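Peer 1: Dropping the structure in here first, questions after.
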Amino acid sequence: MTSTPATPENATPDQNAAAGGAVNELWGGRFSRGPSEIMERINVSIGFDKKLWAQDIAGSKAHAAMLAAQGIITQDDADAILTGLDQVAEEIRDGRFVFKTEHEDIHMNVESRLKELIGEPAGRLHTARSRNDQVATDFKLWVRGALQRLDGDMKALQAALIEQAERHVDTIMPGFTHLQTAQPVTFGHHLLAYVEMLGRDRARARDAIARLNECPLGSAALAGTPYPIDRAATAAALGFDRPTANSLDAVSDRDFALDYLATASICAMHLSRLAEEIVLWCTTQFRFIRLSDAFTSGSSIMPQKKNPDAAELVRAKCGRVIGALSGLLVVMKGLPLAYSKDMQEDKEPVFEADDTLALCLAATTGMIQDMTPDPAAMRRAVEAGFPTATDLADWLVRRLGLPFREAHHVTGRIVRLAEERACGLSDVPLDVMRGVDARITEEVYAVLSLEASVASRTSFGGTAPERVRAAVAAARERFL
């Protein structure tokens, strides 16, 4: 008599497990066979979410302590859990912990190892919680730490910019609009513009921390829990301001990750703008600064080349950070409440963006500290583009009473005459200027020098050296 082949209908659980992989012991009661190899590959997240191990253990310790305080588990079980979690943390820190794909994620890996270490009490840890509120809590804790690190990295870049700005309060360079010489400014003033950008970035990071600082733990799968838990206690233990107000929102919210990526994207964009300026300033055509060998590279064929590759890569990597924001927005845009497995795709873009931005900030800080400005080259450049034309127009308004639009027209004609003579405005003879407007006097030359031009910009936030010195001091007070 031949035996009947095993089928999904008549196969034993052991045969099914063998056909499809081991049944996960944490939910094996519902499943009689394990996932296919393809399912395991698409479903597993331990390869990246192991980054959350410290947050996962911290959340579990706070949860266990609360369960014991509320009489939901015994103090003995809680003590065993806390001791076991400390041992798991030590194993991970020492590199002795074996992360297993069959346990899918960091939560299951920690809980499985905890069971091996302490036995039955480990099974009580998951009382009154779900992986849904657990991962939301872990990820919030991680993002909060990332935002705090980001703030510190941005502060270090601000410090480097302020140091360079203080050294170049009086260094005159061309200010540009449309990448055309517009008006003279000081190099210190120019660098302080990026200090202000980073100040807004830091404010965004602080705002994001304030918004995310509500604890999801205790929301369970989506509806809360019937156990008499103390959510305020776990929130306080984990450094949150309060528990989240709605369990559905708590487990399905990833606004905090989007907030992080939005903050990171704007910061990366600012770094990219600065990187573009560094690239331009290093060119033969500008020569405004020099970078040492520490932040440049050569050419495989052209021995004269010294390329600002660090700046170019910072400029390029901005796209990766912005792409991470776009990607997560697309993941979240179609999800109904509450949790869906789509949300497992939230972590990799945030982790990658965080690594990328940290590297870009470090590289930019290094370049700012490393660069050697060339004041002579800046002055040659600013002298070439009639940068004091606006000063001439303003003089015509103040001294001759011309309406500004008429003064603009008169100045434009004098600029054209200077261009024809291949000279600067201060070199145009008085009689030539008076041929355009007979009321112009010798006094006009006092406003046509570069030093006079920058010194006159004394309005708050202006480029006058006295204002820049005050701005440096204020920036130190505000940001450092």
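Peer 1: Please list the equivalent ellipsoid semi-axes of the chain, computed as the square roots of five times the alpha-carbon gyration tensor eigenvalues, in descending order and whole angstrom. Show your work: numbers first, answer last.
Peer 2: Numbers: eigenvalues 832, 118, 76 Å².
The equivalent ellipsoid of the chain has semi-axes of 65, 24, 20 Å.
Peer 1: Mind listing the Cα extents of the stretch 131-380 along all three principal axes, in Å, largest one first?
Peer 2: If we take the Cα atoms of the stretch 131-380, the spans are 75, 39, 31 Å.
Peer 1: Taking 0.36 nm per residue of sequence separation and subtracting the Cα-Cα distance, how much length would be gained by fully extending the chain between Glu276 and Tyr227, in nm to one decimal? Spell out each step's value before the answer.
Peer 2: Values: separation 49, 0.36 × 49 = 17.64 nm, distance 5.71 nm.
Gain on extension, Glu276 to Tyr227, equals 11.9 nm.
Peer 1: Using a simple charge model, +1 on the beta-carbon of Lys and Arg, -1 on the beta-carbon of Asp and Glu, nothing else, what dipole does the stretch 131-380 show about its Cα centre, in debye to the nearest 20? Mind showing how you got there, number by number?
Peer 2: Working: 27 positive and 31 negative charges, 99 e Å.
Dipole about the Cα centre, nearest 20: 480 debye.
Peer 1: Sticking with this structure for a sec: Just the number: Rg to Rh for the stretch 304-455, Cα atoms, Kirkwood Rh, two decimals. Write out the running numbers ahead of the final one.
Peer 2: Numbers: Rg = 27.1 Å, Rh = 20.7 Å.
For the stretch 304-455, the value is 1.31.
Peer 1: List the equivalent ellipsoid semi-axes of the stretch 204-322 in whole Å, largest first, each obtained as the square root of 5λ for an eigenvalue λ of the Cα gyration tensor.
Peer 2: Its equivalent ellipsoid spans semi-axes of 50, 12, 12 Å.
Peer 1: Separate question: Add -39500 (n - 2.57) for each DSSP H run of 4 or more in the chain, then divide by its residues: what number comes out at 222 nm, to the nearest 500 deg cm²/dmol? Provide the component values of the computation, followed by the final result.
Peer 2: Values: 19 runs with 289 residues, N = 480.
Computed mean residue ellipticity for the chain: -20000 deg cm²/dmol.
Peer 1: Further question: With N set to the number of residues, divide the alpha-carbon radius of gyration of the stretch 384-479 by 2.2 N^0.38 Å and report two decimals.
Peer 2: 1.26
Peer 1: At 1.4 Å probe size, with every protein chain present, just tell me what the per residue accessible area of the stretch 30-96 comes to in Å². Spell out each step's value before the answer.
Peer 2: Values: 3500 Å² over 67 residues.
Using a 1.4 Å probe on heavy atoms only, each residue of the stretch 30-96 averages 52 Å².
Peer 1: Okay, next question. Where Rh denotes the Kirkwood radius from the mean inverse Cα pair distance, what is Rg over Rh for the stretch 138-206?
Peer 2: Values: Rg = 16.0 Å, Rh = 13.6 Å.
Ratio of gyration radius to Kirkwood radius for the stretch 138-206: 1.17.
Peer 1: Still on this structure: So if I place +1 on the C-beta of Lys and Arg and -1 on the C-beta of Asp and Glu, and nothing else carries charge, what would the dipole magnitude of the chain be about its Cα centre? I want it in debye, nearest 20. Write down the numbers at each step before the final one.
Peer 2: Details: 53 positive and 65 negative charges, 261 e Å.
About 1260 debye.
Peer 1: Just to be sure I understand the model, the point goes 7 Å from the Cα along the line to the Cβ. What's the resulting Ala362 to Glu477 distance in nm?
Peer 2: Distance between the two pseudo-spin positions: 3.5 nm.
Peer 1: Follow-up question, since we're still on this one. Report the gain in length on full extension from Arg379 to Ala236: 0.36 nm times residue separation, minus Cα-Cα distance, nm rounded to one decimal.
Peer 2: Numbers: separation 143, 0.36 × 143 = 51.48 nm, distance 5.79 nm.
Computed gain between Arg379 and Ala236 is 45.7 nm.
Peer 1: Here is a further query. Return an integer: the convex hull volume of the alpha-carbon atoms of the stretch 67-206, in Å³ per residue. Before the final figure, lay out the partial values.
Peer 2: Numbers: hull volume 26.9 nm³, N = 140.
Dividing the Cα hull volume of the stretch 67-206 by its residues yields 192 Å³.
Peer 1: With a 1.4 Å probe and all protein chains in place, put Glu477, Glu451, Glu196 in order of accessible area, largest first.
Peer 2: Details: Glu477 150, Glu451 90, Glu196 65 Å².
These residues rank, largest area first, as Glu477, Glu451, Glu196.
Peer 1: Obtain the radius of gyration and the Kirkwood radius of the stretch 40-124 from its C-alpha atoms and give Rg over Rh. It would help to have the intermediate numbers written out before the result.
Peer 2: Working: Rg = 13.0 Å, Rh = 13.1 Å.
Ratio of gyration radius to Kirkwood radius: 0.99.
Peer 1: What full-extension length gain, to one decimal in nm, is calculated for Ala54 and Arg416 as 0.36 nm per residue of separation minus the Cα-Cα distance? If you can, show how the numbers build up before the last one.
Peer 2: On the way: separation 362, 0.36 × 362 = 130.32 nm, distance 6.81 nm.
Roughly 123.5 nm would be gained on extension.
Peer 1: Projecting each Cα onto the charge dipole of the stretch 171-297 (Lys/Arg +1, Asp/Glu -1 at the beta carbon, about the Cα centre), which of Gly188, Thr225, Leu261 comes out farthest on the positive side?
Peer 2: Most positive-ward Cα: Gly188.
Peer 1: With the full set of protein chains in place, find how many percent of the accessible area of the chain is carbon and sulfur; take the probe as 1.4 Å. Before the final figure, lay out the partial values.
Peer 2: Values: 12170 of 23180 Å².
C and S fraction of accessible area: 53 percent.
Peer 1: Just check the stretch 79-125 against the gyration tensor rule for me: Cα atoms, a ≥ b ≥ c as the square roots of the eigenvalues, rounded for a/c under 1.5, and otherwise prolate or oblate depending on whether a/b exceeds b/c.
Peer 2: On the way: a/c = 2.29, a/b = 1.21, b/c = 1.90.
In terms of gyration-tensor shape, oblate.
Peer 1: Could you pull out the pairs from Lys155/Lys347; Lys140/Lys347; Lys155/Lys306 whose alpha carbons sit more than 18 Å apart here? Before the final figure, lay out each step's value.
Peer 2: Values: Lys155/Lys347 25 Å; Lys140/Lys347 11 Å; Lys155/Lys306 29 Å.
The pairs that break the limit, which is 18 Å between Cα atoms, are Lys155/Lys347; Lys155/Lys306.
Peer 1: Check cross-link reach from Lys61 to the aspartates and glutamates: straight Cα distance under 17 Å, and skip same-chain residues fewer than eight apart.
Peer 2: Output for Lys61: Asp76, Asp77, Asp79, Asp86, Glu90, Glu91, Glu111, Glu120, Asp133, Asp138, Asp230.
The values are calculated or read from the model by the stated rules, or taken from the named source; none is laboratory data. Everything quoted here is computed from the prediction, not taken from an experiment. FYI the Cβ positions are ideal-geometry reconstructions off the backbone, even for glycines, and counts take in every protein chain you see. With ligands, DNA and RNA removed, areas are computed over all heavy atoms of the protein, side chains included. Shrake-Rupley method; radii C 1.70, N 1.55, O 1.52, S 1.80 Å.
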